[in-house]
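A short write-up of the structure that comes next.
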Amino acid sequence: MNIPSTASNTHTSDCDVLVIGGGPAGSTAAALLAERGHRVTLLEKAHHPRFHIGESLLPANLPLLEKLGVADEVRAIGMEKWGAEFVSPWHDHKQTVEFADAIDKSMPMAYQVRRAEFDEILIRNASRKNARVVEGCQVLDVEFLPENSGVIVQARHDDGSMETVYARFVLDASGRDTFLGNRFKAKQCNKKHNSTAIYGHYTGAERNAGKEAGNITIFWFEHGWFWFIPLADGTTSVGAVTWPYYLKTRGKKPLDAFLQETIAMCQPLHDRLRHARLASPAEATGNFAYACDHTHGSNYLLLGDAYAFIDPVFSSGVMLAMHSAFVGADTVDVCLRNPQQAAAALKKFDKSMRVGPKAFSWFIYRVTNPVMRDMFMAPRNIFRTKEAVLSVLAGDVFGKTPIQGPLLVFKGIYYAASLFNFKRTLKSWRMRKNNIRAVDEPGAAVN
């Protein structure tokens, strides 16, 4: 179907699948669908390479990179990550865990990557697979035609020209912009979690020795937790994920100075940065936790962060985005080739999209709880519980690995320990309930 032009600076095109956004989810889905012979157009508002936070991959990413055919390119830019280190001011030791100790021993490591480089690898791969990739083109409006007969998308290029695209199917991979989620008023703040982040890149940070040099380190502190992510070019990504009230205390203070003051609250992290300098201006973001109230429509899907975003403590974002793209590509392929099977395919997609956030969120909601901290700082492998938790941390939540039984045991131990330390648990629960409130809510914590 061709749509007639209505203005001299407007041109038209058509495709089978229109992808909004060229991050990991959008680029992955575009490559997979183009590879299967579908006509794919990907519209990305920015130009690659472009900065993005979230540099830590999970072992479960690696099989996806192999399937995409980009594993060697990612290996060339990546810093090997064999595990994670936890540092707590309430404990007198550090705790290191290795992915090789998970139940599935075939995924022992991952990479830390600069997202500008990683995301560019993925979007160029989509182009090589014959997807039409258009950068510097922002989607402005989407009109769903009656009787599921197609979608009309209006977009504006950087030079001001307009493009009207007719598509049979739309994939929203717009990340935290959640284009369709906002359009349908489907995006909802997560009432069980709320956080903000301030972050920057440092040169000269002190790294661990040997094989552990690329490990991510998680530092707990009074107002939340820090990430410490070593990158292959010598820089280190450092960020603080805090409760909303804490970022509000910044006032008009320069963000660089506020980040430095926050780091000073965590002596072990401060020590590793004593000879480091901030190599790029600090940045901040809020509204870290949200989800849309649905994952799809009859001719559209929400992928990755366009559907939901959870706290990044376990580095799950890129893996969940890419996994959603693989499942999404399978779903769209069925919907376009075998419409009679579309309902079943969409139901399967919906179920898959909810697995990852649910699996990680149980831990995220409790990661600052003193009982959970104790369990992370002194892991025990009773009935393979340590192996199962490491499987989750590796991103192995979608496969056939038998993690559910050991996880139930782990959760049982957590609840029993919480009950045994009831006063401490109650105090922690009340504090967290207060901390996750938006700063403008009555009774929200104020420092």
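Any read-out appearing in this document is the output of simple, stated calculations on the displayed coordinates, not a laboratory observation. Small disclaimer: the values here were computed from a predicted structure and weren't measured. Using ideal geometry, Cβ is built from the backbone for each residue, glycine included, and neighbour counts are taken over all protein chains shown.
General observations
- Structure-based [θ]222 nm, the chain - -39500 (n - 2.57) summed over DSSP H runs of at least 4, per residue, nearest 500: -11000 deg cm²/dmol
- The range 278-297 and the range 99-153 have Cα centres spaced 17 Å apart.
- The ranking of ARG50, ARG277, ARG114 by Cβ neighbour count inside 10 Å, starting from the fewest, reads ARG277, ARG50, ARG114.
- Among PHE288, PHE51, PHE228, the order by Cβ neighbours within 10 angstrom, fewest to most, reads PHE51, PHE288, PHE228.
- Gyration tensor verdict on the range 363-435 (Cα atoms; rounded if a/c is under 1.5, prolate if a/b is larger than b/c, oblate otherwise): prolate
- Take every pair of alpha-carbon atoms less than 8 Å apart whose residues are at least six positions apart; their mean separation over the length of the range 1-141 yields a relative contact order of 35 percent.
- Subset of LYS347/LYS400; LYS348/LYS433; LYS129/LYS185; LYS191/LYS248 violating a 23 Å alpha-carbon distance limit: LYS348/LYS433; LYS129/LYS185
- In summary, the helical segments of the chain meeting the span-like criteria, namely a full DSSP H run, a Cα extent along the axis of 18 angstrom or more and a mean Kyte-Doolittle hydropathy of at least -0.5, are 317-337, 342-364, 404-420.
- Antiparallel bridge percentage (DSSP; both residues within the chain; nearest 5): 70
- Ranking of ASP92, ASP311 by neighbouring Cβ atoms within 10 Å, starting from the fewest: ASP92, ASP311.
- Per residue, the convex hull spanned by the alpha carbons of the range 301-447 comes to 145 Å³.
- Shape of the chain, Cα gyration tensor, a/c cut at 1.5: prolate
- Between ARG430 and LYS411, the distance separating the two model label sites (each 7 Å from Cα on the Cα→Cβ line) works out to 2.7 nm.
- J(HN,Hα) series, the range 266-271, from Karplus relation 6.51 cos²θ - 1.76 cosθ + 1.60, nearest Hz, glycine and proline x: 10, 4, x, 6, 4, 5
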